[in-house]
Amino acid sequence: MPAAPATGSTARPPLTRFGLGTAAVGRPGYITLGRELDLPAERTVEALRRRTHDLLDAAYAAGVRYFDTARSYGRAEEFLGDWLAARPEAAVEVTVGSKWGYTYTAGWRASGVPVHEVKEHTVEVFDRQIKETRALLGTHLDVYLVHSVTPDSPALTDPALHERLAGLAAEGVRVGLSTSGPAQADTVRAALEVSVGGRPLFAAVQSTWNLLEPSAGPALAAAAEAGWLVVVKEGMANGRLADRNATGPGTAALRALARRTGAGCDALALAAVAAQPWADLVLSGAATAGQLASNLAAAELDLTPDDLAELSVLTESAEAYWHTRAALPWA
């Protein structure tokens with residue numbers, strides 16, 4: 001089993017700081033803007049399996065070695081497990097992270113579904129979903145996160161669940177949490193205090209941080225200082241910072257820097273994430289090979305402090321950002 005990437009901002013080949021997430025291609029419906037332009041017209045299981053495998057192939061060939069999935073991403077764990085089984089030479093090199101705590105309920109439909117996923121952070125759900133994950137990924141599970149923890153989640157307070165998670169950690173899996181919502185920083189700080197038998201329980205976090213929503217930064221720095229693996233998701237704000245969508249006055253500074261440097265808005269947005277010293281891994285959520293290549297161009301960008309200061313004007317309040325995100329349509 002590959003070890004989880006070392007924490008901290010040590011010198012590493014640039015693309016090992018980037019990972020590929022499968023949220024956008026493991027199920028027919030998601031909230032990334034412009035998705036109808038990116039996926040096959042017929043979003044069958046086999047069509048998205050092929051798309052996922054093509055993206056995994058392209059990412060691996062480019063040097064990416066971290067792949068992220070979740071129980072609630074439709075059949076993404078299945079697609080990734082199939083890919084790993086067919087490519088044993090790659091399987092020994094990559095690190096796989098997955099998440100539990102949401103159950104996919106959309107029945108392979110993109111729209112017309114009242115609820116696409118249901119969150120429940122209980123022992124019963126963990127017991128069920130770790131078995132499901134193991135069945136699909138086998139031994140290829142290096143990082144396992146409680147999905148979308150908020151300050152009121154029992155994942156922060158349930159001793160029985162903590163014992164289960166500690167048992168998984170004792171098997172060599174890095175146990176952690178992903179965060180969501182305007183109180184991400186509070187969630188991370190609370191998780192830093194959770195212990196079992198006098199030892200810290202969590203050792204990894206996956207949080208949203210982007211040019212629009214950087215509020216979790218100080219808490220993520222504290223997590224990195226504690227030795228956690230810090231993974232950043234939604235660095236492009238569910239497509240809001242992609243070239244085709246970064247068109248309003250609020251993203252003028254990003255477009256100006258793109259014109260001056262010749263880089264894409266997406267690459268600049270992800271480079272801004274990678275510039276944070278506490279960020280171990282930055283996820284691409286690409287749905288096409290072209291998007292992936294454009295995203296990974298971020299590895300070649302070295303933003304200056306002046307560049308980052310220029311981009312800081314994009315920041316929204318956390319409440320406004322998450323309100324906008326909650327209104328994004330599943331398509």
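The values are calculated or read from the model by the stated rules, or taken from the named source; none is laboratory data. Remember, predicted model here, so these are calculated numbers, not experimental data. All Cβ positions, even for glycine, are placed from backbone atoms using ideal geometry, and neighbour counts span all protein chains on display. To get the accessible areas, we keep the full protein, side chains included, count just its heavy atoms, and leave off ligands, DNA and RNA. Shrake-Rupley method; radii C 1.70, N 1.55, O 1.52, S 1.80 Å.
Listing for the model above:
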| item | result |
| --- | --- |
| Residue that is under 21 Å from residue 44 (Cα atoms) and either at pLDDT below 95 or within 20 Å of the chain's Cα centre (by Cα) (or both), where the choices are 118, 149, 113, 96 | 113 |
| Which numbered condition residue 247 misses (of (1) among the polar types (S, T, N, Q); (2) surrounded by fewer than 23 Cβ atoms within 10 Å (Cβ to Cβ); (3) free of Cβ contacts under 8 Å to residues at least 40 places away in the same chain; (4) within 26 Å of residue 150 (Cβ to Cβ)) | (4) |
| Qualifying positions in the stretch 195-235 - among the β-branched types (Val, Ile, Thr) and in contact with a strand residue (DSSP E or B) (Cβ under 7 Å, 6 or more places away or on another chain) | 205, 208, 230, 231, 232 |
| Helices (runs of 4 or more DSSP H) enclosed by the stretch 269-331 - at least 3 residues per element that are more than 30 Å from residue 29 (Cβ to Cβ) | 305-311 |
| Matching entry among 134, 189 (being modelled with pLDDT of 95 or more, among the basic types (Lys, Arg) and under 20 Å from residue 278 (Cα atoms)) | 189 |
| Filter result (among the aliphatic types (A, V, I, L, M), in contact (Cβ under 8 Å) with a residue 24 or more places away in the chain and assigned to a helix (DSSP H, G or I)) within the stretch 257-268 | 257, 267, 268 |
| Index of the failed condition, residue 238 passing every other in (1) more than 24 Å from residue 147 (Cα to Cα); (2) buried (at least 18 other Cβ atoms within 10 Å of the Cβ) | (1) |
| Lone qualifier among 268, 257 - being open to solvent by less than 30 Å² (accessible area, probe 1.4 Å), aliphatic (A, V, I, L, M) and more than 24 Å from residue 23 (Cα to Cα) | 257 |
| Whichever residue in the stretch 283-331 is among the acidic types (Asp, Glu) and closer than 18 Å to residue 215 by Cα and, among such residues, is surrounded by the most Cβ atoms within 10 Å (Cβ to Cβ) | 316 |
| Given (1) within 28 Å of residue 99 (Cβ to Cβ); (2) touching a Lys or Arg at 6+ places or on another chain (Cβ under 9 Å), number of the condition residue 251 does not satisfy | (1) |
| Test set (1) open to solvent by less than 10 Å² (accessible area, probe 1.4 Å); (2) under 15 Å from the mean Cα position of the chain (by Cα); (3) closer than 20 Å to residue 155 by Cβ - residue 133 fails condition number | (2) |
| Residue check, residue 69 among the polar types (S, T, N, Q) and touching an Asp or Glu at 6+ places or on another chain (Cβ under 6 Å) | yes |
| Members of the stretch 149-178 that are of a type outside the set (D, E, K, R), open to solvent by 30 Å² or more (accessible area, probe 1.4 Å) and not in a helix (DSSP H, G or I) | 150, 151, 157, 172 |
| Members of the stretch 182-229 found to be crowded, with 23+ Cβ neighbours inside 10 Å and part of a strand (DSSP E or B), listed by number | 204, 205, 206, 207, 208, 229 |
| Output for the stretch 68-113, where each listed residue is more than 14 Å from residue 28 (Cβ to Cβ), touching a residue at least 60 places away in the same chain (Cβ under 8 Å), open to solvent by less than 60 Å² (accessible area, probe 1.4 Å) and out of contact with any Ser or Thr (no Cβ under 9 Å at 6 or more places or on another chain) | 94, 95 |
| Cβ-Cβ under 9 Å pairs, at least 6 apart or on other chains, the stretch 120-134 side without any contact (Cβ under 8 Å) to a residue 12 or more places away in the chain, far side open to solvent by less than 10 Å² (accessible area, probe 1.4 Å) | 128/100; 134/141 |
